[in-house]
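*Asks:* This is the structure, below, for whatever I ask next.
The values are calculated or read from the model by the stated rules, or taken from the named source; none is laboratory data. Remember, predicted model here, so these are calculated numbers, not experimental data. Cβ coordinates were reconstructed from backbone atoms using ideal geometry, including for glycine residues, and neighbour counts include every protein chain displayed.
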Amino acid sequence: MNEHYQKDNSSFFDNVYRRHYRAVYAYLLSRVKKVDIAVDLLQDTFVKVWNHIDDLRNILQEHHIYWIINVARNCFNDHHRRLSSRVETEPINYDWDIAFCGDDPYQQLLTKETMNLLDQTIHSLPDKLRIPFILSVMGELSSSEIAGIIGCPPGTVRYRISMARKLIAQSIEAHMDCRHGDILA
Amino acid sequence: MSDKFMNKIDDNKLDSLLTGWTKAYELPDYQAEQIRRLAKRSSPRTEIMQDNWWFKFSTNLSDTVAQAVQSWMCYGAVQESYNIPTSL
């Protein structure tokens, strides 16, 4: 009986994990801005979810994501309290996937530069734009789901996402204008 | 065609950049099973600090006594979670 219950819990947890880990990761990344910390907090979050799996079972399936994000929020707050100061954004140089820009080396260099700029711009957006934006782009959540997480109407979420996109595009355009000016000079 | 127009980032271009950006942040291959295994190891320590009756009851005792017994209980929890024999 106990073994059957354990097995049942395990498959329930695996399902929940598969369905929501991406969104939870996106949420954590939007708060901490660093992959390794986001991954650690993601793990902490799902350890807590597993430890309280019976509580989760009593919640409607469509509300699972909000419950789990709350757990993630608590993990983030604990992490934040442990730090004496806020984690600053650091420029990172990922091995960006730039297959879409073709074989031209100059174009590739430009795209890598643009990707670094894109990353810095996203991470320096104000919280109210960055969080819904990353939840949408990376977490693949709808505006209603994001609205439930951050506690504002779906229309506001859509506005903030489009505002974030506009600021990002402007920042890249400004950078490209400068680059173009340098070349002409 | 003006330079300004050439450097315009349209929705498609931005989406392509964002796809590349998202890929760079893709998660390592995490399995739910790993999390469950980790939870089994870490839960007694967490539970005993937060939910145990002793944790609530100890607020009525002097700090020194409470700390001593708490340390003893946490030691027991760590032993249990890692299957360390009691004699150790």
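*Asks:* Name every residue in the stretch B:10-25 that is of a type in the set (V, I, T) and either touching a strand residue (DSSP E or B) at 6+ places or on another chain (Cβ under 9 Å) or facing chain A (nearest Cβ under 7 Å) (or both), in order of residue number.
*Replies:* B:T22
*Asks:* May I ask you to list pairs of residues, at least six apart or on different chains, whose Cβ atoms are under 7 Å apart, with the first in the stretch A:163-179 being within 9 Å of another protein chain (Cβ to nearest Cβ) and the second being not in a helix (DSSP H, G or I)?
*Replies:* Note: pairs meeting the criteria are A:A169/B:I9; A:I172/B:I9; A:E173/B:N7; A:E173/B:K8; A:E173/B:I9; A:M176/B:N7; A:D177/B:N7.
*Asks:* Answer yes or no: is there a residue in the stretch A:147-167 that is closer than 15 Å to A:L28 by Cα, in a helix (DSSP H, G or I) and modelled with pLDDT of 75 or more.
*Replies:* Yes, the stretch A:147-167 contains at least one residue that is closer than 15 Å to A:L28 by Cα, in a helix (DSSP H, G or I) and modelled with pLDDT of 75 or more.
*Asks:* Right, something else. Which of the numbered conditions does A:V35 fail, given that it passes all the others? Conditions: (1) out of contact with any helix residue (DSSP H, G or I) (no Cβ under 8 Å at 6 or more places or on another chain); (2) among the hydrophobic types (A, V, I, L, M, F, W, C); (3) at pLDDT below 90.
*Replies:* (1)
*Asks:* When you go through (1) exposed (fewer than 12 other Cβ atoms within 10 Å of the Cβ); (2) at pLDDT 80 or above one by one for A:I172, which number turns out not to apply?
*Replies:* Going through the list (1) exposed (fewer than 12 other Cβ atoms within 10 Å of the Cβ); (2) at pLDDT 80 or above, A:I172 breaks only (1).
*Asks:* Quick test of your reading of the structure: A:V16 fulfils all but one of (1) at the interface with chain B (Cβ under 9 Å from one of its Cβ atoms); (2) closer than 26 Å to A:P126 by Cα; (3) in contact (Cβ under 8 Å) with a residue 40 or more places away in the chain; (4) of a type outside the set (S, T, Y). Name the failing condition by number.
*Replies:* All conditions pass for A:V16, except number (2).
*Asks:* Another question, if that's okay. Do we find a residue being under 16 Å from A:A23 (Cα atoms), touching a Gly at 6+ places or on another chain (Cβ under 9 Å) and either of a type in the set (S, T, N, Q) or surrounded by fewer than 20 Cβ atoms within 10 Å (Cβ to Cβ) (or both) anywhere in the stretch A:53-69? Can you show your working first?
*Replies:* Quick first cut of the stretch A:53-69, residues under 16 Å from A:A23 (Cα atoms) only: A:61-69.
Still in the list and also touching a Gly at 6+ places or on another chain (Cβ under 9 Å): A:63, A:65-66, A:69.
In the following step, the residues that additionally are either of a type in the set (S, T, N, Q) or surrounded by fewer than 20 Cβ atoms within 10 Å (Cβ to Cβ) (or both) were identified as A:63, A:66.
There is at least one residue in the stretch A:53-69 that is under 16 Å from A:A23 (Cα atoms), touching a Gly at 6+ places or on another chain (Cβ under 9 Å) and either of a type in the set (S, T, N, Q) or surrounded by fewer than 20 Cβ atoms within 10 Å (Cβ to Cβ) (or both).
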